[in-house]
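K.L.:
Sharing a structure, written as structure tokens. Questions coming.
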Amino acid sequence: MKELFNRTSNPLFHLLCQIINEIYAGKKITKQEIQQRIKEIPEFQYNEAPEDERELAIIDKVFQFESPNSPASICITAPVPSLVTDTELAWLKSMLLDDNFDFILPEELRNNLINRLKNVTPLYNKSVWHGRPHSDSEIKPILRTIINALSSKTALIIDKHQYIIPYRLEYDLATGLYSLIAWEEKHKKVLKIHLNKNIHLFKTLERISSETSVQILTYLEQNKKQVTLELTPTRNSVERCLFLFSTYDKETHIDSNEKYIFIIQYYKFDEDDVISKIQSLGVSVVVQSPEDIRQKIISNILKMQNIYLQTQEGNLDEFDKNH
């Protein structure tokens with residue numbers, strides 16, 4: 001849900017802050033370019049516009065121009081800071097107080113933040129946490145090593161011989177387990193490594209090159225996929241879907257038939273996991289696209305049906321023998 005009439009939580013405010021920071025960093029932007037970027041905001045694509053009067057008024061109040069075609073200048077001595085909402089502060093307080101995630105920040109910084117947020121009420125507490133955070137303290141050193149490598153942009157050695165470059169650490173809300181998305185330099189591909197206490201990780205001092213970073217992003221872009229689901233809001237299907245796909249980027253809306261439409265982004269190496277999660281939603285879900293995912297799920301269901309029928313026939317034969 002979007003807030004209305006909130007001066008600091010609307011797309012125009014954030015766009016203006018972004019443009020100001022770009023100019024402060026040295027980028028040259030003209031009045032016409034600023035005007036075009038404002039027009040691209042969906043909320044500003046209105047009917048019967050009074051010849052750009054509204055956009056020009058805000059541009060002239062925020063920016064200065066020596067001539068009509070000159071780049072904009074600003075009268076500030078520092079970038080515009082990002083504003084944190086009360087809800088964001090409450091979420092941050094909850095995460096900082098949760099010992100299951102204390103590996104993310106150094107202890108001193110974590111304690112300082114908790115002290116700074118002493119008057120903030122947490123968004124949730126452990127008694128209402130529905131996930132299953134990993135309680136095994138033996139895995140936390142592994143997680144800290146990964147966080148450190150991600151922040152310093154350095155490579156890792158896994159199990160004493162495999163050279164990998166960490167890209168992202170994921171937490172699955174449904175299973176309470178962590179996974180590492182990493183680039184395997186030897187075979188030039190991305191791996192998804194499910195973490196456990198038996199994995200041995202060693203940080204190296206080797207910095208990740210810009211060329212390797214481009215290779216990783218190119219590989220991920222080439223292997224990006226999406227699936228569109230239609231959910232009937234029964235049997236807690238919507239909540240279950242959000243729960244199951246907690247680690248995936250997704251969009252959702254309600255269509256004219258009161259069905260929930262989920263567009264879930266994933267990578268090719270996640271496809272088996274995505275299919276398994278979709279199947280667990282049962283009759284509440286319909287795969288709208290792509291067709292290959294629909295066919296794979298249909299094939300899986302037919303295989304399960306055949307196994308069930310064969311099992312039933314075997315049980316009946318056994319029953320006849322004994323009676």
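The values are calculated or read from the model by the stated rules, or taken from the named source; none is laboratory data. Bear in mind the structure is a predicted one, so any value in this text is a computation, not a measurement. Positions of Cβ are generated from backbone atoms using ideal geometry, with glycine treated the same way; all protein chains shown enter the neighbour counts.
K.L.:
Collect the residues in segment 170-192 that are closer than 23 Å to Glu211 by Cβ and among the hydrophobic types (A, V, I, L, M, F, W, C), keeping them in residue-number order.
P.N.:
Leu180, Ile181, Ala182, Trp183, Val190, Leu191
K.L.:
Kindly indicate the residue of segment 220-241 that is assigned to a helix (DSSP H, G or I) and buried (at least 16 other Cβ atoms within 10 Å of the Cβ) and also farthest from the chain's Cα centre (by Cα) among those meeting that condition.
P.N.:
Ser237
K.L.:
Identify, by number, the condition in (1) touching a strand residue (DSSP E or B) at 6+ places or on another chain (Cβ under 9 Å); (2) at pLDDT below 95; (3) surrounded by 15 or more Cβ atoms within 10 Å (Cβ to Cβ) that Asp255 doesn't meet.
P.N.:
(3)
K.L.:
If Lys192 passes every condition in (1) over 19 Å from Tyr248 (Cβ atoms); (2) surrounded by 14 or more Cβ atoms within 10 Å (Cβ to Cβ); (3) of a type in the set (Lys, Arg) but one, which one does it miss?
P.N.:
In the conditions (1) over 19 Å from Tyr248 (Cβ atoms); (2) surrounded by 14 or more Cβ atoms within 10 Å (Cβ to Cβ); (3) of a type in the set (Lys, Arg), Lys192 misses (1) alone.
K.L.:
Ok, one more. With respect to Ile261, determine if the residue is within 15 Å of Leu229 (Cβ to Cβ) and either assigned to a strand (DSSP E or B) or in the same structural domain as Asn236 (by TED's automatic domain parsing) (or both).
P.N.:
yes
K.L.:
For segment 204-219, which residues satisfy the criterion of being surrounded by 12 or more Cβ atoms within 10 Å (Cβ to Cβ) and in contact (Cβ under 8 Å) with a residue 12 or more places away in the chain?
P.N.:
Hits for segment 204-219 are Thr204, Glu206, Ile208, Thr212, Gln215, Ile216, Tyr219.
K.L.:
Which of the residues that make up segment 1-24 are hydrophobic (A, V, I, L, M, F, W, C) and modelled with pLDDT under 90?
P.N.:
Met1, Leu4, Phe5, Leu12, Phe13, Leu15, Leu16, Cys17
K.L.:
Right, something else. Tell me, which residue of segment 157-180 that is touching a residue at least 60 places away in the same chain (Cβ under 8 Å) and not hydroxyl-bearing (Ser, Thr, Tyr) is surrounded by the most Cβ atoms within 10 Å (Cβ to Cβ)?
P.N.:
The extreme case among them is Asp172.
K.L.:
Something else: Hey, any hits in segment 41-60 for a residue that's at pLDDT 75 or above and either in the same structural domain as Thr121 (by TED's automatic domain parsing) or under 30 Å from Ile254 (Cβ atoms) (or both)?
P.N.:
Yes, segment 41-60 contains at least one residue that is at pLDDT 75 or above and either in the same structural domain as Thr121 (by TED's automatic domain parsing) or under 30 Å from Ile254 (Cβ atoms) (or both).
K.L.:
For segment 263-271, state whether one or more residues are without any contact (Cβ under 8 Å) to a residue 24 or more places away in the chain and under 21 Å from the mean Cα position of the chain (by Cα).
P.N.:
No - not one qualifying residue is present in segment 263-271.
K.L.:
For a quick check of your reading of the model, give me the residue pairs whose first member lies in segment 90-118 and is not assigned by TED's automatic domain parsing to the domain that holds Ser151, whose second is acidic (Asp, Glu), with beta-carbon atoms closer than 7 Å and at least 6 apart or on different chains.
P.N.:
So the pair list comes out as Arg110/Asp102.
K.L.:
On the basis of being outside the structural domain of Leu169 (by TED's automatic domain parsing), in contact (Cβ under 8 Å) with a residue 12 or more places away in the chain, assigned to a strand (DSSP E or B) and more than 16 Å from the chain's Cα centre (by Cα), does Val286 make the cut?
P.N.:
Yes: the conditions hold for Val286.
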